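Read-outs throughout are calculated quantities, based only on the coordinates presented, and are distinct from any laboratory measurement. Please read all numbers here as calculations on a predicted model, not as lab measurements. Heads up, the Cβs are rebuilt from the backbone with ideal geometry, glycines too, and the neighbour counts pull from every protein chain shown.
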Amino acid sequence: MWRLGEQIQPREEERITSLFTELWKCLAVTGVFELSFGEDSIPKFSAKKYPRTWKDLKRLFIFTLLQDSPTPQVSQRRDPHPSRMQMPQGNPLLLSCTLQELLARDTVQVELIPGKKGLFLKHVEYEVSSQRFKSSVYRRYNDFVVFHEMLLQKFPYRMVPALPPKRVLGADREFIEARRRALRRFINLVARHPPFSEDVALRLFLSFSGPDVQNKLKESAQCVGDEFMNCKLAPRAKDFLPADIQTQFAVSRELIRNIYNSFHKLRDRAERIASRAIDNAADLLIFGKELSALGSDTTPLPSWASLNSSTWGSLKQALKGLSVEFALLADKAAQQGKQEENDVVEKLNLFLDLLQSYKDLCERHEKGVLHKHQRALHKYSLMKRQMLSAAVQSREPESVEQLESRIVEQENAIQTMELRSYFSLYCLHQETQLVHAYLPLTSHILGAFVNSQIQGHKEMSKVWNDLQPKLSCLFAGPSSSLLPPGPLQDGRSSH
């Protein structure tokens, strides 16, 4: 054999070296096999003639194999049909959907049904209507909870939006309305998510009108497995990932964290602006009512004020009529506040819910898949040391066989964890693209805010302008020395 090795050409040396390596590993595996099944499997002539040398040689084979072999890596396995591993036309990692396409997938309305249901424990019901499925069903909050659990079970590597809190003691109307809005945001994000929108669970939730949708959802998820087990591309996810995927993931996570912080502040300011408009409406309405009450006062004037009785009477008549205009001003301000709540604050909350689900996904990736992978590798290294110790020392065949079986199981677990880790990165890359597809929503939000301000100020300006001529009677009269203020006067004397 050594003479044969001297005749090998340099260009064939690498291939022959690989063959010798595989031969050595085969001999080692043979040693493991025979140690596991006892001395009956050893050839009679070798067992009798070289009993101790043969056993030592087998242990040496095992020791060398375990010491030299690296931690199992899925990427080292070779497919007997390399053509199946080639990337198809178009990279499936890349998403091609736009914001308009996402919004066009479906629009789901969640409306509160008046009154509470239940004989003893009262609960709230919602009417959930889907444009895509042309359906309208009734759902409770617990139905949303089960649906949310099914999504996390089937899509652990995707952005699953969080649900609002279930209930607080003495939940008031404001809490119920806020939860309804949050449920509407949740179901719309889910209905527009590419993988979720094609899942049977979504169709059941939006269209099943039977008596027990929760059991129906649970039955649909039985013996199905998660997305990793059902996706044909899952075993090849690594082939589609860029080489610097970890760096890209860290950069994207930091970017989206900064975007979330900025949008959170924008949402808070927008809420305050809308709230001020609604408070302004309430103040204007009270202001008008007080003017009306002042004009309707029938308390008689004292005798010393009789000289000005005609002036006060005309003033009261004018003040009484102004309440209508102030009520109209209050209505316009309230409309502006409600419009900004629906078109600005709600869209900001929708985008924040999406960003928060991305942050939750990143935590699941690090604390879930990566942590399990690291634990599996640590467990494998411990078992490997035990096997080395068992190979060097004389152990019972049964104990060695158990160690071998455990090592094989652990290798399979590590391989599965590695595949899941790459598939998790694959999904994370796609979810990052989905977040960026939603970024143009910023222009929609800004446009809605500017239009609301323009329309609101324009309508209120018209009412104020219509109100101004009606103030002229307040400054009329033979004994009046007052003049209606001009647009530039501030109440100070011109002298």
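Extending 7 Å from the Cα toward the beta-carbon at both residue 356 and residue 127 defines two label points whose distance is 2.8 nm. Extension gain for residue 471-residue 212 works out to 86.8 nm (0.36 nm per residue, less the C-alpha to C-alpha distance). Placing a label point 7 Å from the Cα of residue 97 along the Cα-to-Cβ direction, the residues of segment 412-456 whose backbone N falls under 14 Å from that point are 430-439. A cut-off under 9 angstrom between Cβ atoms defines the neighbours of residue 133, and their net charge, with Lys, Arg +1 and Asp, Glu -1, is +2. The local environment of residue 330, defined by Cβ-Cβ distances under 13 Å, has a net charge of -3 under the rule Lys, Arg +1 and Asp, Glu -1. Starting from the Kirkwood Rh over alpha-carbon pairs, what translational D in µm² s⁻¹ does segment 132-182 have by Stokes-Einstein at 20 °C and 1.002 mPa s? For these conditions, the coefficient is 166 µm²/s.
Rounded to the nearest 0.05, the FRET efficiency derived from the C-beta distance between residue 248 and residue 149 at R0 = 35 Å is 0.70. When the Cα atoms of segment 189-228 are aligned to their principal axes, the ranges along those axes come out at 28, 24, 11 Å in descending order.
Neighbours of residue 214 by Cβ distance under 12 Å: Lys/Arg scored +1, Asp/Glu scored -1, total 0. Once the gyration tensor of the Cα atoms in segment 99-230 is diagonalised, the equivalent ellipsoid follows with semi-axes of 24, 17, 14 Å, ordered largest first. Quick one: if the Förster radius is 56 Å, what FRET efficiency do residue 111 and residue 412 give, using the C-beta to C-beta distance and rounding to 0.05? The pair residue 111/residue 412 has a calculated efficiency of 0.65.
Over segment 156-274, all Cα pairs binned in 10 Å intervals from 0 give whole-percent P(r) values of 10, 24, 33, 23, 9, 1, listed from short to long. Looking at segment 182-247, the trypsin sites (Lys or Arg not before Pro) that sit in a DSSP loop and have at most 13 other Cβ atoms within 10 Å of their own Cβ are 232. Taking 0.36 nm per residue of separation and subtracting the current Cα-Cα distance, fully stretching the chain between residue 366 and residue 272 would add 30.2 nm. Placing +1 on the Cβ of every Lys and Arg and -1 on the Cβ of every Asp and Glu, with no other charges, gives segment 99-230 a dipole of roughly 380 debye about its Cα centre. Label separation (residue 255 vs residue 178): 3.3 nm, computed from points 7 Å beyond Cα along the C-beta direction. I want to check the label-to-label distance for residue 166 and residue 316. Put each point 7 Å from Cα in the C-beta direction and report it in nm to one decimal. A separation of 6.1 nm, rounded to one decimal place.
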